[in-house]
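Worksheet: the structure to be examined is printed underneath.
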Amino acid sequence: EVLDTLRERDRDEVARCWRIVANEGDAVWFPYLPVSPAEASAAVDVLSPRMHDGRCALATARVDGERLGWVALDRNPTPVAAHWATIRHLQTLPDARGTGIGSELLEAVVDHARTLGVEQIQLSGRGGEGLESFYGERGWRVVGRHPGGLRLADGDRDEVIMLRELTDPVRTESW
């Protein structure tokens, strides 16, 4: 399901998921743990204005009535960067890992980006967690690394920047 607005129930479920994932040590947004329900709700509230003005959409996964994961797609508001978007916060509840839900969420948001005419998507993740492998198997490539770019409670981590092309444009060079 792709959401372009957050109803109260959606907001609460996304906040719950984010808090659980963060408290497992698997979400970078919060530098200090544990994350309270109020902190997670406040973080979700940051997404709402971007969703309201069309710059952000969420793909969510629900199985048997329970929200098991979500991911955000942020579009660029400037004309010179409107051809690419950023994926943020791909997360699944710990019990849902290894079931394919993360891959399904990723593909849902990529498919949504295609419908918007997006040509490239970037994302970044915490180095040393095996994320390069997860994304690499799904068509992403590492395009950069920011050494020590993430300051977490257990120390600094590299931020790994990855890209996926959604089109195969013909590029020409003029001399």
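The values are calculated or read from the model by the stated rules, or taken from the named source; none is laboratory data. From a predicted model like this one, the values you see are computed outputs, not experimental measurements. Note that we place each Cβ from the backbone using ideal geometry, even for glycine, and neighbour counts take in every protein chain shown. SASA here: full protein model, heavy atoms, side chains in, ligands and nucleic acids out. Shrake-Rupley method; radii C 1.70, N 1.55, O 1.52, S 1.80 Å.
Numbers at a glance
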read-out: Dipole in debye (nearest 20) - the chain, about Cα centre, beta carbon charges: Lys, Arg +1; Asp, Glu -1; value: 280 debye
read-out: Mean accessible surface per residue for the chain, computed with a 1.4 Å probe while every protein chain stays in place, in Å²; value: 55 Å²
read-out: Calculated SAXS-style log₁₀ I(q)/I(0) at q = 0.23, 0.24 Å⁻¹ - the range 1-103, Debye, Cα scatterers; value: -1.28, -1.36
read-out: Charge context of Arg50, other residues only, Cβ under 13 angstrom, K/R +1, D/E -1; value: -1
read-out: Of all accessible heavy-atom area on the range 68-154, the percent that carbon and sulfur account for (1.4 Å); value: 49 percent
read-out: Relative counts (whole %) of C-alpha pair distances in the range 1-50, using bins that are 5 Å wide; value: 4, 24, 32, 21, 14, 5, 0
read-out: Loop GluC sites (Glu not before Pro), the range 1-77 (other Cβ atoms within 10 Å of the site Cβ: 14 or fewer; DSSP); value: Glu1, Glu24
read-out: Normalised convex hull volume, the range 114-155, alpha-carbon set, Å³ per residue; value: 101 Å³
read-out: Accessible carbon and sulfur surface of the range 6-63 relative to its total accessible area, %, 1.4 Å; value: 55 percent
read-out: Within-14-Å neighbourhood charge of Gly25 [Cβ basis; K, R +1; D, E -1]; value: 0
read-out: Rotationally averaged projected area of the range 53-175 (alpha carbon convex hull; nm²); value: 10.2 nm²
